[in-house]
Amino acid sequence: MSSNPSFDARPKAGVGDSFRSWWNAQSRPMQWLFGVPFILLIALLPILNVPVLTTVGTNFGGVMAQFGMYALIAIGLNVVVGQAGLLDLGYVGFYAVGAYTVALLTSPNSPWNQTGPGGWLSSDWAWLACLPIAICITALSGLLLGSPTLRLRGDYLAIVTLGFGEIVRLLADNLEEITGGGRGLSQVAYPRFGTTEEFPLGVFSAGNVGKTLNSGVWWYWLSIVLIIIVLLFVGNLERSRVGRAWVAIREDEDAAEIMGVPTFKFKLWAFTIGAAIGGLSGALYAGQVQFVVPTNFNVVNSVLFLCAVVLGGQGNKLGVILGAFIIVYLPNFFLGRTEILGIPIDGDSIAEYKYFFFGLALMVLMIFRPQGLLPVRQKLLTYGRELFVAARRRQHDEANAPVEVTK
C-alpha cells in the first residue's frame, strides 16, 4: 500500500457503498437467489413471532398488514417527493380516492354499488376487479390536479396539494347521499379466497381472527406481492430516461430546463405515477378494513406519510419502506407493555404521544442526518470517487516512475 498521504486521503466508501457495489456486481439470477430467501424471511415474521419484535397489545399480523399498506404509500410518495423533488402535503387525497373508488362500487350502502342484483361485479372477485379501476381513477385525478398546478414550485405547490387533500376529505364528509358522510361506507368487498367450513367468508375476512394465519397475515402477504411489483416498476423507471430527468429536476429545475429537459412533462409523470400508487394503497386499505370513513383521511395522516419518507431517506426505496415500518411499528410496540428490560413503563401513554416523538425525531434528524436513515446513493458522487482514486493513482505512479536520462 502506498505511503503517499495524498493518495491515502482519497474518499473512502462506507459499508453501504461496499454492499451496493457487491450487489450490483452480481448477475440478476444471483440477486434473486439472495433476495428471495430474505423476502421469505420477512414474509414469515408474523408466523415466527420473534419475541423481540412481536407486539403485546395488538396482533402482530395486523400491525404488519398496516405496515405493508404504509410501505406502498411511502413508495408512491417517494416518487413525487424523493425522486422528482415535488413537495406534496395532500397525498392522503389520492389515498382517499382509491379507497372510496372501491367502497362506492362494492359497498351495499353506496348508490353506485355494482355487486348486488343487476350489478356487473362478482361478489367473490369484486375487490380484485376494482383494483385496476381505483388505480386508473386515482392516476386520472393526479393528472387533472397536476396539469394546472405543477407550474408552481416549493411552498405554493405544497399549499395547493394540501388544499386538494382537504377538499377530498370534505367532499366525502358532505356528500352524504353518495359517500354516507360521517357514517361512512361499510361491508366493502375483499378477496373471497380460501373459503372453508371454518372460514366461510374466506381468509381475508375481518372475521378471521386466528392466532397464526389470521386475516392480517394474509393481507400482509398480499401487500408484499404488490410492493414487489411496484418496486420493480419504479426501479425500472429510475434507471430509465424518466428517472434521470426526475433527478435533474429535483437537483435544479432551472438547470434541467436549460439543458433541454421538458420539466413540466416529467413532473406530471411523477405526479400521476405517485397518485396511481396512492390509489393502490387506498384500495388495499378499503378491502382490509372493509369500512371507509372520511376521518381517516385527514391532514395529520398526510404529514405522517411524508414523515415516513423523510425519516427513511428521500429517494431511497428501501429507506422509505424502513421509515414506514418505524411509523407503524413503534406505537404498536409500546401498546400494552408494562416493562422493557425490567424497567416498568406505561406503554399505552407512550403510544399516545407518537406524534410528539415523531416530530422530535424529525427535528433531531434534520440537524444531525438530514439525508435520512438510509440516504440515496448519488451515482454522480460515486463515479466522482472512482475518478478521484484513478487520478490520484496515476499521479502517484507518475511521481514514482524512473526518470530516463537522455544522452
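If we keep just the residues of the range 171-183 that are touching a residue at least 24 places away in the same chain (Cβ under 8 Å), in a helix (DSSP H, G or I) and out of contact with any Ser or Thr (no Cβ under 7 Å at 6 or more places or on another chain), which is surrounded by the most Cβ atoms within 10 Å (Cβ to Cβ)?
The residue in question is Thr179.
Looking at Leu140, Leu105, can you tell me which residue is modelled with pLDDT of 95 or more and part of a helix (DSSP H, G or I)?
Leu140
Check Phe193 against each of (1) assigned to a loop (DSSP other than H, G, I, E, B); (2) open to solvent by 60 Å² or more (accessible area, probe 1.4 Å); (3) over 18 Å from Thr106 (Cα atoms) and name the one condition it does not meet.
Unmet condition: (3).
From the list Gly76, Gly61, Gly68, Gly82, exactly one residue is more than 15 Å from the chain's Cα centre (by Cα), crowded, with 24+ Cβ neighbours inside 10 Å and touching a residue at least 40 places away in the same chain (Cβ under 8 Å). Which is it?
Only one candidate passes the filter, namely Gly61.
Do you know which residues across the range 125-156 are within 20 Å of Gly278 (Cα to Cα), of a type in the set (A, V, I, L, M, F, W, C) and open to solvent by 30 Å² or more (accessible area, probe 1.4 Å)?
Correct list: Leu128, Ala129, Ile133, Ile135, Cys136, Ile137, Leu140, Leu143, Leu144.
Any residue in the range 144-157 that is under 14 Å from Phe266 (Cα atoms) sitting within a Cβ distance under 7 Å of a residue that is surrounded by fewer than 17 Cβ atoms within 10 Å (Cβ to Cβ)? List the pairs, counting only those 6 or more apart or interchain.
Pairs that qualify, where the first residue is under 14 Å from Phe266 (Cα atoms) and the partner is surrounded by fewer than 17 Cβ atoms within 10 Å (Cβ to Cβ), are Leu150/Phe264; Arg151/Phe264.
What are the pairs with Cβ atoms under 8 angstrom where one residue, in the range 345-363, is at negative phi and the other, located anywhere, is surrounded by fewer than 14 Cβ atoms within 10 Å (Cβ to Cβ) and charged (D, E, K, R)? Sequence gap at least six, or different chains.
Going by the 8 Å Cβ cut-off, the qualifying pairs are Ile345/Glu339.
Mind checking which residues of the range 277-332 are more than 27 Å from Asn236 (Cβ to Cβ), among the aromatic types (Phe, Trp, Tyr) and surrounded by fewer than 24 Cβ atoms within 10 Å (Cβ to Cβ)?
Passing the criteria: Phe291, Tyr329.
The values are calculated or read from the model by the stated rules, or taken from the named source; none is laboratory data. Computed from a predicted structure; not experimentally measured. Glycine also receives a Cβ, built like all others from the backbone with ideal geometry; neighbour counts cover every protein chain displayed. Ligands, DNA and RNA are stripped out before the accessible areas are found, and what is left, the full protein with its side chains, is counted by its heavy atoms. Shrake-Rupley method; radii C 1.70, N 1.55, O 1.52, S 1.80 Å.
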